[in-house]
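Reviewing the structure listed below.
Just so you know, all these numbers are worked out from the coordinates, no wet-lab data involved. Since the model is a prediction, treat every value here as computed from it, not as a measurement. When we count neighbours, we look across all protein chains shown, and the Cβ atoms used for this are built from the backbone with ideal geometry, even at glycine.
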Amino acid sequence: MTRLSPKRTAQLAGGAVLAAVVVVAAVGATLIDLPGHLQEPIRIAAQPPAAPSVAVCSGPLIAAGRDATQASLLTDDTAQRITAAAGGDVDPVQSLLVPADVAGGTGPALLAAPPSGVDPTDLAAAGAARAAASDLSGFAAEACTRPMMESWLVGGSAATGAGDVVILANPGEVAALVTLAVYGASGEQAPAAGKDIVVPAGTQRIIPLASLARGEEGPVVRVTSAQAPVRASLQTTITRVLNPGGVDQIAALGAPSTDLVIPGVAVAVAASDPGASNTPTILHLLAPGAAGEATVTVGGPDGAVVSSQTLPLSAGVPLTFDLGGLAVGTYSVSVSATTPVTGGVWSTTGFGAGSDFGWFTPAEILRAPTLVAVAEGPSAQLSLVGGAAPQTVTVESLSGGAAREVTLAAGAVARLPVEGGGAYRIVPGEAGVSASVVFAGAGALAGYPVPAGDAAAAAIEVYPR
C-alpha cells in the first residue's frame, strides 16, 4: 500500500477544505438572496409516474317524482350509451359506480386505461341518452371526463319548471368532502345544502339544484372537493305546462379564463319560425372574482363574424345575454375578457311538445394529438376553431379510412361530419385548435367540448428552495 508523506497529506486536506468552501459558497449563493442580486430560480421538470387514465360519465338520465308517495324519489329513466377508445392496443376497462341516491339505479360508467409503460394512455369516452317519457323527453350527450379538485357547472336553472340536479361522482379509493358555492343574482352564496357533502369512494351523489339556488334562473355552481377529486356534472330538464321541454347533461368546466372559445353552437330553429321565441340562443357568463368587461364574438357557419359586442361584467353575478336572431346552422362563440370568466350558450329546437335544448360550453386548446369519442346521436359534427396562427389539422378515424386534412387560418372555423359511435384522433398544428362535437336533429340538440388527452399532460415544474 502506498503511504503519503505528512506534507502531501496536509496538501490534500487543505485542497479538500478549499473545495468544500467553494461548494458551500455556491450553494449559499443559490439559497440566499444577496442584496442587489437577482438570482434566476432553479427549475426542475418532474414527470410523475404514469397512472391509469380515468374518465367518468354522468350515468342514466334521472327522473324524479314518479312515485306519488315519495315525491323526491330519484329513479333511472334511460340508460346512457357509452362510446370509448384508448391509444395503442389498450382496451378501456368499464365498471360502474354505486348510485347512492337513486333507488335501484344502475350507476354511472367509469372508464380506465392502464399506462403504456412510463407514459399515460390516451383515453376518450362519451355518453348519450334519449328519453321519450310523459315527464322527461329529449336527447343528451356529454364527454366523460376526469375528476377534479375544483370545477365549475354552467347551465341549468332552479326556476319554476326546472328539475335540475348536480351529480357528483368519486371514482377514487378515499371519500371526498365537497362544497358547492352558488353564484346568482345576489352574488356568491354558500347554501347550507352545499356544505360538507360526503361522497364515499366508488359512489355517486345527486343534489337537487333547487336546494342550492331556489328561484335562480341562471346560476353558476363552483364545486370544491377535499381529500379526493370528484367528477361533477349537471342534468338539466324543463317542463312547460306539463309538457317536457328537453334534457341535457353538462360536464363541469375547469378554471375560469380571460379567453373562452365555444367551437360549436347548434341553432336548430330561427327566431322568426312559428313556435319559436325571440331569444332561442342565449349566452350565460360569469366573472367570479372581479368586475370587468368582455367582448363576445359570434362566428357564423362559414367562419365570418356575425356579431361582436362588448359587455360589462359584475363581480360574482351571472350575465345573461341574447345572441340575437341567428339563422339555422352551427356557430362559434369566443369571449375575450379583462378578468377570468366562465360561461356557456343555451339553444333550443323550440318551445312546444317534443322540443329539446342543449348547453354548449368552452373547449380547451388542444396542442398535442388527442382522441375524441363521438357519442351515438343524430347528424354528428366535429367543429374546429384554429389558434393564433395558420395551421393544418389532421382528423383520423380509428376505424380506418383516409385521414382528413383541414387548413385553418388564424381563428378560422371548420365543420366535419363524423360518425356517431365512432372515435377519432385530432392532430393539431403548432397554434393549437379548439374542438367540440355537436348533434342536431328532430327533437334533439346537444354538444360537448373535446377535452385534452391524458398523454398530453405536461411535466410538473419544481422550484427547490
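The value of relative contact order for segment 53-452, using C-alpha pairs under 8 Å at least six residues apart, is 16 percent. Taking trypsin sites (Lys or Arg not before Pro) across segment 352-451, the ones in a DSSP loop with at most 16 further Cβ atoms lying within 10 angstrom of their Cβ are Arg367. Counting neighbouring beta carbons within 10 Å and listing from fewest to most, the residues Val154, Val305 come out as Val305, Val154.
For the peptides 219-226, 175-182, the ranking by packing is 219-226, 175-182, with the highest mean count of neighbouring Cβ atoms within 10 Å listed first.
Panel order for Ser399, Ser379, by other beta carbons found within 10 Å of each beta carbon, from fewest to most: Ser399, Ser379.
Compute the Cα gyration tensor for segment 53-452, then decide on rounded, prolate or oblate, letting a ≥ b ≥ c be the square roots of its eigenvalues: rounded whenever a/c is under 1.5, prolate when a/b is larger than b/c in the other cases, and oblate in all that remain. Since a/c stays below 1.5, the shape of segment 53-452 is classed as rounded.
Mind pulling the angle between the C-alpha long axis of helix 6-31 and the longest principal axis of the chain? Nearest 10 degrees, somewhere in 0 to 90. With rounding to tens, the tilt is 30 degrees. Going from the residue with the fewest nearby Cβ atoms within 10 Å to the one with the most, Asp248, Asp196 rank Asp196, Asp248.
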